[in-house]
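Each value in this text was obtained by applying a stated rule to the coordinates, not by laboratory testing. The structure presented is a predicted model; accordingly, all values stated were derived computationally and were not measured. Cβ sites come from the backbone with ideal geometry, for glycine too, and all protein chains shown count toward neighbours.
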Amino acid sequence: MKKFFSFLLTLIFLFNLSACNNSEITPEITPETTSATEAPVIQELDMETVYQNILTTIDAGEDIVMFSESNPDVINEFYEGISDIELKQQLLYIHPITGFACEIMLVEVANEADVEKAVSIFESRIALGSDDSCYAETAALWKSNAQVQSYGNYVCLIALPEGYEIPANVFVN
């Protein structure tokens with residue numbers, strides 16, 4: 001009887017072992033994953049959530065004060081030409097003191113072809129902030145601590161004061 005149970009356990013062990021070796025692991029493809037040959041699927045992002053994640057990432061706490069600006073005239077003054085682009089989402093947070101190097105502008109363009117236009121507009125904003133003829137004390141910060149990032153149809157300009165590091169990709173946690 002012992003031999004029978006030993007033989008039975010050996011068969012079960014071999015069956016399990018062979019089943020493990022022959023199994024293929026196939027990942028389940030979800031909206032977040034794609035095959036190696038396909039471009040990654042970009043999830044829809046809410047600009048307010050992205051903004052809050054930026055603040056969390058840079059550990060802004062009480063040090064950075066920014067106000068939301070939604071007046072189209074003011075936004076177009078800061079970002080000349082942005083009103084010519086069809087946007088799905090737009091969010092601008094600026095420092096209450098003009099000329100302070102602290103600004104976050106997030107947009108989702110409706111058409112992929114407009115991503116480069118938005119990037120160009122944001123780069124022009126950095127160039128304007130970097131012009132030391134207006135606010136010489138903050139021009140260096142605009143030059144060193146401001147950048148444009150894009151991810152699919154999402155584009156961001158982020159300028160932070162001295163001592164804050166800009167996240168590598170503000171659109172991905």
>> Within 13 Å, Cβ to Cβ, of G163, how many net charges do the neighbouring residues add up to if Lys/Arg are +1 and Asp/Glu are -1?
In response: -4
>> Show me, for region 69-80, the HN-Hα J-couplings you get by feeding each phi into the Karplus relation (A = 6.51, B = -1.76, C = 1.60, θ = phi - 60°), rounded to Hz, glycine and proline as x.
In response: 10, 10, 5, x, 5, 5, 4, 5, 5, 6, 10, 4
>> For Y79, what residues show an amide H to amide H distance below 5 Å, using hydrogens built from the backbone and excluding near sequence neighbours?
In response: none
> By the scheme Lys and Arg +1, Asp and Glu -1, what is the net charge of all other residues having a beta-carbon under 10 Å from that of A101?
Replying inline: -2
> How big is the gap, in Å, between the Cα center of region 120-153 and the Cα center of region 83-109?
Replying inline: 12
